Each structure stands twice: as C-alpha cells, then as structure tokens.
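Worksheet for the structure shown next.
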C-alpha cells in the first residue's frame, strides 16, 4: 500500500507543488489549509488530493486533524511542515501580535504537527519529517526578525530531532528555499525585482516551486534513508553554506 504523506499549507504555492510531486511519485497525499476554502476545493478538484482545514498553531486542532487524516488514509509516514506566514515590519515598529503570530505558525506549528505523528513513526520504525525553512532563516532579513527567528528555529529543531529519530529509522531534514516564483513574488514591482532581488541570485532568476518539490520528493524517498539532520539550500547561489 502506498505511503501516506501529509503536507501542511499544501494546497497553494510551494505546498501545492510539493503535494502534486508526492502524488506523482506514488504517495497518498493529504494537504492542510488554514483559510481559503475556495482555493482548497479547486486544488482537490484539480488533483484529487483531499484537503483538511485547521490551524497548525493550534495543538489540539493538529491532533484532531491528523487523527482524521489517518482514519481516511492510514498512518502518516511522511510529514512536510510547509505552512507559514509573514507579518513583516522593522523591529522598532513590530507589534507583539506580529511576533507571536509568526512564531506560533512557523515554529510552534512545526512542533504541533510533528509531535502528533512522532509516536506512530517511532512505533512503526519508519518516518520522514521534512521542514520547509527559508534562506532568510539562514542569513536573516531586514524587517523579518520574527520570520527569520522562526525559520532559524526550524533548522535547530531539525538537527536536534534527527538525532532522536535516527535509531527508529526516522529521518528529519530541512529545505531552505530562496526566492521562489509564487503568487507572493508576483506583487513585487519590476524595478525592485530587477534591481534588488535578481542581482542577489547568481543563477539570475527566481526558483520554481517544482524545484523545491523535487527536493522534498528525494528526502521522502527510500533513497534518502542515510540523509538526516541535513539542510538542502535551494536558492540559486544566493547563500552558500
């Protein structure tokens, strides 16, 4: 029977590309979303991937949602923690709510989701946890103290948990995308794109969501069984580490 993959924020943007790529690779895929029911329904109609609505920042919602996914599809074998938000502001203008909303979704959400599948993975002696961090979690970014802190925290979480999961045949890895060609990037003015963003990227272009998805498919595969605690930096050379 096909392994079950659960992708948070999996009906739009990078998450949608990941869901589609995992489906094409032969997995049973479930995707979560937080708010846009119309987009989620359209994604399900297009792909056949069942979508589930809950807020990853809510531990109990994650617990109940994962239980429903497992009742529908079977135990979760692969978890992709992709859901994330931004609430950008220079630090002197950043409000406590902007800090806590980003930390609660982008970092605590990773705990909430992983904690609720971890016991089952340990019992079955198999699991893949793939955390979507960001180049800005590696290098920092102006007006993103909240986002950079959360995404850097995801990397620390990845490295620590990989050590705990290794003997149970559970790998824990991260992917750090750079600037990716998604709807969010399409709102950036051409002048900013051409004079500020693209010059930072040695390959001279934005990445595609499908390129991030291929990294995830590899990390989910049996071929990646010896890869754990690692970070794949998919940023076109913007940051080399």
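Every number here is computed from the coordinates shown, using simple stated rules; none is lab data. These numbers come from a predicted model, not from an experiment. Counting neighbours? That spans all protein chains shown, and the Cβs are built from the backbone with ideal geometry, glycine included.
General remarks:
- Extension gain for residue 1-residue 241 works out to 82.5 nm (0.36 nm per residue, less the C-alpha to C-alpha distance).
- Cα long-axis angle, helix 209-220 against the chain (0 to 90 degrees, to the nearest 10): 40 degrees
- Principal axes of the range 132-205: Cα extent on each, largest first, Å: 50, 24, 22
- Spherically averaged projected area of the range 16-57 from its Cα convex hull (nm²): 2.9 nm²
- Whole-percent pair-distance distribution, where bins are 5 Å wide, for the alpha carbons of the range 30-97: 3, 13, 21, 21, 17, 9, 7, 6, 3, 0
- GNM top mover of 177, 75, 90 - the chain, alpha-carbon springs below 10 Å: 90
- Equivalent ellipsoid semi-axes - Cα gyration tensor, the range 196-241, angstrom: 25, 12, 6
- When 79, 239 are sorted by how many other C-beta atoms sit within 10 angstrom of their C-beta, beginning with the fewest, the order is 239, 79.
- Potential extension, residue 169-residue 142 segment - 0.36 nm per residue separation minus Cα distance: 5.9 nm
- The range 194-241 versus the range 84-156: alpha-carbon centroid distance in Å: 18 Å
- Spin-label pair residue 88-residue 198: with each label point 7 Å from Cα along the Cα-Cβ axis, the two points sit 1.8 nm from one another.
- More than 20 Å apart - percent of Cα-Cα pairs taken over the range 1-127: 43 percent
- With Cα atoms, 0 to 90° folded angle of helix 37-47 axis to the chain main axis: 60 degrees
- Pair residue 230, residue 58: separation of 7 Å Cα→Cβ label points (nm): 3.8 nm
- Folded to 0 to 90 degrees: helix 59-73 orientation relative to the chain principal axis, Cα: 50 degrees
- Estimated from helices alone, the mean residue ellipticity of the chain at 222 nm is -13000 deg cm²/dmol (sum of -39500 (n - 2.57) over DSSP H runs with n ≥ 4, per residue).
- Building the convex hull from the alpha-carbon atoms of the chain and averaging its projection over directions returns 12.9 nm².
- The range 41-80: C-alpha gyration tensor shape, a/c 1.5 cut-off, then a/b vs b/c: oblate
- Relative contact order for the chain, counting Cα pairs under 8 Å that sit 6 or more residues apart, in percent: 20 percent
- Neighbour-count ranking [beta-carbon atoms within 10 angstrom, fewest first] of 103, 130, 170: 103, 170, 130
- Extension gain, residue 160-residue 211: 0.36 nm per intervening residue step, less the Cα-Cα distance, totals 15.7 nm.
- Per residue, the convex hull spanned by the Cα atoms of the range 54-174 amounts to 87 cubic angstrom.
- Sequence of 124, 12, 205, 87 once ranked by neighbouring C-beta atoms within 10 Å, starting from the fewest: 205, 124, 87, 12
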